[in-house]
Amino acid sequence: MTSVLHAPEKQLRLGLEAGKVIGLVGSPGFGLTRLGLGLLRDQPGWVACVDVRGWLSPAALWEVGVSSERTVIVRCPDPRRWPQVTAALVEGMQAVYAEVPSGVAAPILRRLGALARARATPMMLRPLGEDIPAGLAHLRLEAQSVVWRGTGRGRGRLGERISTLAISGKGVGGMQQIIEVEDDGTDTVRVVPRLGVAMPERAVG
């Protein structure tokens, strides 16, 4: 999944880049996991997912268009083993999506970011507790709100989920982008730009 956002001054390409880290920050229910998994779809070669919560499956990847034949899912809820497991995948895979358990220290995440740069491996971090360290992510996507369409007054059929996300980090060059992600349950997730907001200081993420 590669989506292009048209900002006022430059194009922002929401996709994986060699050696770059994407941070997906927010509570469950905003669609961040589906968005992150979907970004693996067009990545060539073998990809890996580090599952902390114990629910990821080949079916979840298949739903967003990722071939299960080139995907490794590793379950690792232990924050003490998680750094070594994730580092091994960064060294051996062409892209890594990793949930981050609570209790993983910021220096460990920074070392993983440095390893990803050295190995030219795209990496997505989905923290389940603390935020990711400032400046680590090339792009940081933070969930702001979510709306479900198709239901009203307790009845109806769910049609699509619309999540509002704020994008910041080095990849937007000091600008914060507000986007909407429209997900109707298929393997197509549409990203719609809303507005660009100039930050008073250089954005970090």
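Of all residue pairs spaced 6 or more apart or on separate chains, those with beta-carbon atoms under 6 Å, a first member in segment 45-63 that is touching a residue at least 24 places away in the same chain (Cβ under 8 Å) and a second member that is small (Gly, Ala, Ser) are Val47/Ala95; Val50/Ala98; Leu61/Ser68. Residue count for segment 62-75, restricted to those that are in contact with a Cys (Cβ under 6 Å, 6 or more places away or on another chain) and not in a strand (DSSP E or B): 0. Every condition in (1) within 14 Å of the chain's Cα centre (by Cα); (2) in contact (Cβ under 8 Å) with a residue 12 or more places away in the chain is met by Pro28 except one, and the failing one is (2). Taking segment 81-119 as the range and being closer than 20 Å to Asp131 by Cα and part of a loop (DSSP other than H, G, I, E, B) as the test, the residues that pass are Arg81, Pro101, Ser102, Gly103, Val104, Ala105.
A Cβ distance below 6 Å, combined with a sequence gap of six or more or placement on separate chains, defines the contacts here; from segment 66-81, residues that are closer than 25 Å to Gln43 by Cα reach residues that are at pLDDT 95 or above and among the small types (Gly, Ala, Ser) in the pairs Val72/Ala48.
Per-residue answers, yes or no, for (1) surrounded by fewer than 18 Cβ atoms within 10 Å (Cβ to Cβ); (2) modelled with pLDDT of 85 or more; (3) of a type in the set (Gly, Ala, Ser); (4) out of contact with any strand residue (DSSP E or B) (no Cβ under 7 Å at 6 or more places or on another chain):
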{"site": "Gly113", "(1), (2), (3), (4)": "no, yes, yes, no"}
{"site": "Arg117", "(1), (2), (3), (4)": "yes, yes, no, yes"}
{"site": "Ile178", "(1), (2), (3), (4)": "yes, yes, no, no"}
{"site": "Ala198", "(1), (2), (3), (4)": "yes, no, yes, no"}
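Just checking, does segment 148-160 include any residue being of a type outside the set (S, T, N, Q), surrounded by 14 or more Cβ atoms within 10 Å (Cβ to Cβ) and within 18 Å of the chain's Cα centre (by Cα)? No - not one qualifying residue is present in segment 148-160.
The residues in segment 131-148 that are in a strand (DSSP E or B) and either at pLDDT 95 or above or charged (D, E, K, R) (or both) can be counted, and the count is 2. Among the residues of segment 30-61, just one is under 12 Å from Ala95 (Cβ atoms), assigned to a strand (DSSP E or B) and in contact with a Lys or Arg (Cβ under 7 Å, 6 or more places away or on another chain), namely Val47. Would you mind stating whether Glu130 is free of Cβ contacts under 8 Å to residues at least 40 places away in the same chain and closer than 21 Å to Pro28 by Cα? Here the answer is yes, as Glu130 does meet what is asked.
The values are calculated or read from the model by the stated rules, or taken from the named source; none is laboratory data. Keep in mind that this is a model prediction, so the values were computed, not measured. No Cβ is skipped: glycine too gets one built from the backbone with ideal geometry, and neighbour counts run over all protein chains shown.
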